[in-house]
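Each remark here refers to the structure printed beneath this line.
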Amino acid sequence: MSVPPPQVVLFPDLIIHALCNHEPSRAILERWRDGKIRPVSTRSLLERYLKTLAGLGLNDVALRRWIWWFTSPRCSVYLRRSVAADSSAEGVCLCSVLAEETKSEVIYARPRPGDWPPLAATTIVPWTAAEDFLKRQSGSQ
């Protein structure tokens, strides 16, 4: 019996860095493509992803492909219901609550000065830099 891939929450900055071909963020998306991780998202987080992708200049066809990747049960865990923080939460809180509810960790590209680490009062789930996640995953294989 095979072990299912770990569920993770992708912080939107990771997608930006990955599409700009920055390692190790790109490697995280490749792990997703290869079925080695399963991102968890909700409608609110999906809207943030799409806003981020549209800001990078992706057209409607490309955005629809991303919607499929984020909502297809073959590739991701898409929760049709809202989590507690969905309606008005900013990104750190939204990702933290979703990760806590789904027993996942949040993977981010790199911290912004002054924003990191998230305050302990904001999050109790692990926030892992893409580089650290990849090192840990390669060490466990």
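The values are calculated or read from the model by the stated rules, or taken from the named source; none is laboratory data. Because the structure is predicted, anything quoted here is derived from the model rather than measured. Because the Cβ atoms are built from the backbone with ideal geometry, glycine has one as well, and the counts that use them run over all protein chains shown. Side chains are part of the model used for accessible areas, which takes the heavy atoms of the whole protein and leaves out ligands, DNA and RNA. Shrake-Rupley method; radii C 1.70, N 1.55, O 1.52, S 1.80 Å.
All of (1) over 12 Å from the mean Cα position of the chain (by Cα); (2) under 24 Å from Pro24 (Cβ atoms); (3) modelled with pLDDT under 85 hold for Val92 with one exception: (1).
The single condition among (1) out of contact with any strand residue (DSSP E or B) (no Cβ under 9 Å at 6 or more places or on another chain); (2) at pLDDT 95 or above; (3) buried (at least 21 other Cβ atoms within 10 Å of the Cβ) that Arg64 does not satisfy is (3).
Please verify whether segment 9-30 includes one or more residues that are in a loop (DSSP other than H, G, I, E, B), under 19 Å from Val97 (Cα atoms) and of a type outside the set (Ser, Thr, Tyr). Yes; the residues of segment 9-30 include at least one that is in a loop (DSSP other than H, G, I, E, B), under 19 Å from Val97 (Cα atoms) and of a type outside the set (Ser, Thr, Tyr). Condition first: open to solvent by 60 Å² or more (accessible area, probe 1.4 Å) and among the small types (Gly, Ala, Ser). Now tell me which residues in segment 1-41 satisfy that. Across segment 1-41, the qualifying residue is only Ser2.
Counting the residues of segment 31-59 that are in contact with a helix residue (DSSP H, G or I) (Cβ under 8 Å, 6 or more places away or on another chain) and not in a helix (DSSP H, G or I) gives 9.
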